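Please read the structure below before turning to the comments.
The values are calculated or read from the model by the stated rules, or taken from the named source; none is laboratory data. What you see is a predicted model; the values in this text were computed from it and never measured. Using ideal geometry, Cβ is built from the backbone for each residue, glycine included, and neighbour counts are taken over all protein chains shown. Side chains included, ligands, DNA and RNA excluded: accessible areas come from the protein's heavy atoms. Shrake-Rupley method; radii C 1.70, N 1.55, O 1.52, S 1.80 Å.
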Amino acid sequence: MTQPLTPAGAAPEAAPQSDLWKPVLLRSAAALVFGAVTIFWPSPSIEVMGWAGGLYLLGTGIVTLWGAPATGFPRESASGKLLSAAGSVLTGAGFALVLLHGDLLFAVVAALGLGAVGALELWCGLRQRRRHVLARDWVASGIIGLGTAAVLPFFISLGAHALLGVAGGGAIISGVLWVLSGLTLRHDARTGARKP
């Protein structure tokens with residue numbers, strides 16, 4: 001049985017579990033892999049853009065849904081509902097991008113998905129400020145998502161490479177944020193497990 005990591009001032013029902021680092025690191029891996037694809041693919045087609053962006057959003061959505069219980073929030077709580085909604089929005093946007101391809105479609109669907117999730121994460125982070133170990137990460141990730149969503153539509157006319165570059169840039173920034181958070185959580189969980 002996992003022992004909860006209880007940050008100072010956290011309510012016991014919102015205490016994250018010691019395996020919270022797993023979904024956080026998986027989320028960072030999805031973001032960093034997508035970011036690497038956008039950097040190293042010199043001239044992606046519209047189909048590559050749709051598949052790469054769609055799989056990134058789909059993977060991040062699934063990891064968010066899978067990892068929501070590890071945050072310590074019951075699914076019926078306000079924060080639990082926000083995280084589940086964020087995962088559902090990303091999963092839906094990812095499916096849409098995998099199935100449908102086009103510059104305008106990619107920019108609109110990705111911007112709506114990233115913007116909605118950014119707003120949900122920002123709200124969740126602000127609500128849980130000083131009460132949850134991921135609150136600052138949700139705030140930062142929310143701002144990155146909202147920023148990426150706001151910039152994407154301005155690159156529609158520049159094609160797949162530019163759109164992937166913008167989305168990949170946001171993914172790399174958030175991926176680095178989440179990998180640092182995940183490694184910190186993993187270290188804290190192992191240190192806590194060693195204490196009598």
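Structure notes:
- Helix 160-194 vs. the chain, principal-axis angle (Cα, 0 to 90°, nearest 10): 10
- Of all accessible heavy-atom area on the chain, the percent that carbon and sulfur account for (1.4 Å): 70
- Pairwise FRET efficiency - TRP41 versus ARG75, Cβ, R0 = 35 Å, nearest 0.05: 0.40
- Net charge dipole size for the chain [Lys, Arg +1 and Asp, Glu -1 on Cβ; Debye, nearest 20]: 760
- Structure-based [θ]222 nm, the chain - -39500 (n - 2.57) summed over DSSP H runs of at least 4, per residue, nearest 500: -25500 deg cm²/dmol
- If you take the Cα centroid of segment 50-70 and the Cα centroid of segment 90-108, the two points sit 13 Å apart.
- Where the Cα pairs of segment 124-164 fall when distances are cut into 5 Å bins, in %: 5, 24, 18, 14, 11, 10, 10, 6, 2
- For the chain, the relative contact order comes to 30 percent (Cα pairs under 8 Å, sequence separation of at least 6).
- Helix 103-127 and the longest principal axis of the C-alpha atoms of the chain enclose an angle of approximately 20°.
- In the chain, the longest principal axis of the Cα atoms and the axis of helix 78-99 are about 30 degrees apart.
- Of SER181, SER45, SER141, the one that fluctuates the most in a GNM where the chain has Cα springs shorter than 10 Å: SER45
- Rounded D (µm²/s) - the chain, Kirkwood Rh over Cα pairs, Stokes-Einstein at 10 °C, 1.306 mPa s: 95
- Think of a 1.4 Å ball rolled over the protein heavy atoms: segment 55-184 then has 43 Å² of accessible area per residue.
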